[in-house]
Amino acid sequence: MLAKAPVSAISAIRGPVAATPRWSNKGRHMRIDQRIERLGIVLAAASVCTLASAQSATDDSGYRSSQTFRSFWSAGHGEEDRPTVIGRLEWLKARYGTLPADFSRRMAQELQRQRSSYPELAPGATPPAGVPVWQSIGPTRANREQNDLKLIRTDSGRLRNILPHPTDPNTVYVLSSSGGIWKTTNFQAPYPAWTPITDKVITTSGGAAAMGRDPQTLYYGTGDPFDGVPLVGGAMLKTTDGGNTWSDFVFLGNAGMVTDVKVDSRYGSDVVMVSTDAGIFRSSDGGNSYAQVLNGGRVWSLARTSIGWLATMATSGYYSPATLYLSSDGVSWHPIQAGNVTSGAGRITLAVGAPGDAVVYAYVGTSCDADCSQKDLYRSTDGGTTWTALGLNTKAPLNPNEENPTMNLMAGQGFYNQMIVVDPTDPTRNTVYLGGQLNTAKTTDGGKTWRLQANWLAQFGLGYVHADHHTGAVSMAGGRKRILFGSDGGLFVSEDEGNSWNDQKNVGLVDHLIYSMATAGDNPASVLIGLQDNGTRIRQGNTSIFNQSYGGDGFGVGWSETGGSALGSYVYGYIYHSDKSPNIQKKWTDPAFDDASCSYNGINACNAYFVTPIATPSLAADPSGRTYFTNTASFIYRTNDAGATWQPIFSGDPNLTYVRGSSHSVSVSPVDTNHVAAVSTGGRILITDNGGASWKLRNTLVPGHAGFNSNIAYANNAVLYVASENPTGQAVYVVKSVDGGATWTAASKGLPNAPIQRLLAAPNDPTGNTVYAATFLGVYRTTDGGASWKQFGAGLPTVQVSDLYMPRDGSFLRASTYGRGVWDISLK
């Protein structure tokens, strides 16, 4: 998922950790300086106690992340290490809790209701005259990637599957983790034309997909196993016309994700096998219906071998015990003895060159109650009855490098990075491709020897393939051999059996996973976005090109209304800043760390959430363009020097949760920077009208509104709106105050019964009655102060909307999404 700094760069700054610890952030080296004074306490002790009496240690979910900044650091803080990926999942769990079993069904039902109400607004429909239409503005490509090293490369979002047509070399499908399925019919062109073919269905959250006996038939399983809150997970869809039309959902029991899909075409109709977090489901009628045939835990992988169907299960997801199951018919299953493979294992991925092979491989990660590392690669020549360990961790590749002196490719993310492809053109099945964290490798002798073939930064004379490898395929369509890899950075193609790699097939795949967005007030065409494992990216001018100017994960972003300063963030309060347009990496300044106070430029990292939000004031509120706000669980911070230093304006008991861990948890009035509010637990908000000299804890609960407050929108100092992201469902997702937060009323009629990430009060409406909502099911608008809401604009895919922006003149609305890029809609 994530990628760390090159070993060569790390070694240059390595020192005694106890004395001078270092943080390597995917090519950025955060020197820890002893320069930050301890955090001050702003509130009087009596005020803190009054507020603390209403607070608990957890968020509304009732769960507190098991990972802290210190445990993150001590367990391995590199971006490829287990704590980085686990941290994101733990953040989502603390924010939403364990999703209710009916969540996916409710979301599907709710969207069907909305589609019935607004059929003319769906993607591909013809909107009525006068209805504004959403336009995608990218990212379609990057011309530059900067992650300490500068690369002239491009990438796209995380892929789950690659499905090349068996005979037509120009037709290829790819499944993105949250961008749905994309199709091209001119793949051999230097820059194929990609078309999203699932924008019309109810979700773009991708779990797994497979092609039927007819290559026009696709079976699509929803629910990415590495996103904690898929819009609709654990369901199957089917197309028989190459994606022009799709069936209705078929839900798979209580499953919430789909990890693998395989099709057996030996019979009269396709037999479809689906592995999920609730076991295995089987369809014997071409995907029209499914029956559960195995339960008991998360099944990661399926393969049909010479002895029948094999499946790998980890009872608790990434943890032991792991079990290998066998079925002769796909209906009746039993565990088989394979202790050398399963002992101490967590996730296991199976691979064969072709269905029915006697040679099968198992790529195994250790259990995450150990270290989530690479266990080994195993080979069987009798369909999976017996297995031989190939001893990867002790073998050196023929061309070792500083990042992989041995064949331990997974390193600390054995539950996440597991790509294995067996070359079907090798009759001995000795040719195998492996991918893990930073490098890929190949063997042609069944695992006796290996050669590294690609590197995440194109180092060591290797070709470029983005880090974190998930899927791959070998295509012989048209008589021309192609190797295709899918990673956190999209699609990579080799036409010389892995010796060189081409990244340009990513151009046009608009499927990046965007957490937040900011726009330069002096030039609204310029955009900053924070992305999952694709860094902080910048668009300059009217283009669909977004270049990476800072690597790693990008979370919160801010860009002043004057355009003079910008901020980006990484994990646990790590905010980097720039006083110039941050189009290249060297224009960013990293924060300094003070170990004594556990703080980054004054922000308490030990109290911070994994994701760091940033709030940017309006031009009227901050004509200097240098003031921003952020928060941790118990503190709210303000900077007046564009992120160089931060001061707490609210300080609570660090053992309690005062501010929820949502993506947009702190807000500021458009009138002045004295009015600041943050979403709290239990349906409350923290609010000040004097810049933090004093705070009030206001209760926003009304009948039908049960908390999980996610964002506050100030229309002015008196009129405020609060949104909820409650995953359990409720009647009221927005409440409104007209007296500065003292009292609240429901303002939700017409909104879908779905979580809301962000609210935006239109800056050009002085009445405060026009508000936009970024929901899990699209963008909605009210023009009467919340008395009624309607879906806004035509053509937006069904995807989680993560952020909103509107310029002061209200001439357009901009929306970022988690999986389908950035969209604009003209309002003039």
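Note on the chain: with charges restricted to the Cβ of Lys and Arg (+1) and Asp and Glu (-1), its dipole about the Cα centre is near 220 debye. Going 7 Å from the Cα of S811 in the Cα-to-Cβ direction, what parts of segment 493-535 have a backbone nitrogen less than 17 Å from that spot? Of the residues in segment 493-535, 519-527 have backbone N under 17 Å from the label point off S811. A dipole drawn for segment 57-166 from +1 and -1 charges on Cβ atoms has a positive end, and of V131, S71, N161 the residue lying farthest that way is N161. Considering only G344, N455, N547, the residue lying farthest towards the positive end of the dipole of the chain is N547, judged by Cα position with unit charges set on Cβ. Just to compare against my own numbers: the Cα pair-distance distribution for segment 346-421, 5 Å bins, whole % per bin, please. The distribution over segment 346-421 is 3, 17, 23, 23, 18, 12, 4, 0, given as percents.
Comparing segment 427-502 with the 2.2 N^0.38 Å rule of thumb, its C-alpha radius of gyration ratio is 1.04 (two decimals).
Accessible surface computed residue by residue for segment 577-652, with neighbouring protein chains in place and a 1.4 Å probe, gives 27 Å² per residue. Using +1 at the Cβ of each Lys and Arg and -1 at the Cβ of each Asp and Glu in the chain, identify which of Q800, S565, S373 lies farthest towards the dipole's positive end. In the chain, that residue is S565.
Please work out, to two decimal places, the log10 of the ratio I(q)/I(0) at q = 0.16 Å⁻¹ from a Debye calculation in which every Cα of segment 149-206 carries one identical scatterer. So the normalised log intensities are -0.55.
Here F593 sits with roughly 0 square angstrom of accessible surface, probe radius 1.4 Å.
Averaged per residue, segment 393-483 has 29 square angstrom of accessible surface, using a 1.4 angstrom probe with ligands and nucleic acids left out.
Here is the size of segment 255-380 from its Cα atoms: Rg then Dmax, 13.9, 46 Å. For segment 148-219, the carbon plus sulfur part of the accessible surface works out to 51%, probe radius 1.4 Å.
Each of the peptides 809-817, 56-64, 185-193 was scored by the mean count of other Cβ atoms within 10 Å over its residues; in descending order, highest first, they stand as 809-817, 56-64, 185-193. Directionally averaged projected area (segment 143-243, Cα convex hull): 7.6 nm².
Could you tell me what fraction of 2.2 N^0.38 Å the Cα radius of gyration of the chain comes to, as a two-decimal ratio?
With N residues counted in the chain, Rg over 2.2 N^0.38 Å equals 0.91.
Per residue, what accessible area does segment 662-705 have, given a 1.4 Å probe and all protein chains present, in Å²? Spelled out: the 1.4 Å probe surface of segment 662-705, per residue, equals 31 Å². Charge dipole of segment 88-130 (Cα centre as origin; +1 on each Lys and Arg Cβ, -1 on each Asp and Glu Cβ, all else neutral): 160 debye, rounded to the nearest 20.
With the simple spin-label model, which puts each label point 7 Å out from Cα in the Cβ direction, the A189 to T783 separation comes to 4.0 nm. The Cα atoms of segment 244-283 cover 29, 24, 14 Å along the three principal axes, with the biggest extent listed first. By the Cα gyration tensor, segment 537-622 has an equivalent ellipsoid whose semi-axes, rounded to whole angstrom, run 24, 15, 12 from largest to smallest. Sorting 286-299, 672-685, 466-479 by their mean Cβ neighbour count within 10 Å, with the most densely packed peptide first, gives 672-685, 466-479, 286-299. Among the trypsin sites (Lys or Arg not before Pro) found in segment 392-464, those both in a DSSP coil and sparsely packed, with 14 or fewer other Cβ atoms within 10 Å of their Cβ, are K448. Each Lys and Arg contributes +1 and each Asp and Glu -1, all at the Cβ; summed about the Cα centre of segment 374-518, the dipole is approximately 280 debye. Using a 1.4 Å probe over the heavy atoms of the protein chains, calculate the carbon and sulfur portion of the accessible area of segment 536-595 as a whole percent. Carbon with sulfur: 42 percent of the solvent-accessible area. Along each principal axis, taking the top coordinate minus the bottom one, the Cα set of segment 735-817 gives 36, 31, 17 Å in descending order. The apolar share of the surface of segment 641-702, taken as the fraction of accessible area on carbon and sulfur atoms (1.4 Å probe, ligands and nucleic acids excluded), comes to 48 percent.
In terms of packing, defined here as the mean over residues of other Cβ atoms within 10 angstrom, the peptides 575-588, 322-335 line up highest first as 575-588, 322-335.
Could you give the semi-axes, largest first, of the ellipsoid that matches segment 507-658, computed as the square roots of 5 times the alpha carbon gyration tensor eigenvalues and rounded to whole Å?
Semi-axes (√(5λ), whole Å): 26, 17, 13.
Work out, in µm²/s and without decimals, the Stokes-Einstein translational diffusion coefficient of segment 71-210 at 25 °C, 0.890 mPa s, Rh from Kirkwood over C-alpha pairs. Estimated diffusion coefficient is 129 µm²/s. Each principal axis of the Cα cloud of segment 200-280 was evaluated for its coordinate range; sorted largest first, these ranges are 36, 28, 18 Å. Against the empirical curve 2.2 N^0.38 Å, the C-alpha radius of gyration of segment 607-754 lands at a ratio of 1.00. Residues in segment 398-407 carry Karplus couplings, in order, of 5, 10, x, 9, 5, 7, 9, x, 10, 8 Hz; the curve used is 6.51 cos²θ - 1.76 cosθ + 1.60 with θ = phi - 60°, and Gly or Pro positions show x.
The values are calculated or read from the model by the stated rules, or taken from the named source; none is laboratory data. In this text, all values refer to a predicted model and were calculated from it rather than measured experimentally. Virtual Cβ from ideal backbone geometry, glycine too; neighbours counted across all protein chains shown. Surface areas here come from the heavy atoms of the whole protein model, side chains and all, with no ligands, DNA or RNA. Shrake-Rupley method; radii C 1.70, N 1.55, O 1.52, S 1.80 Å.
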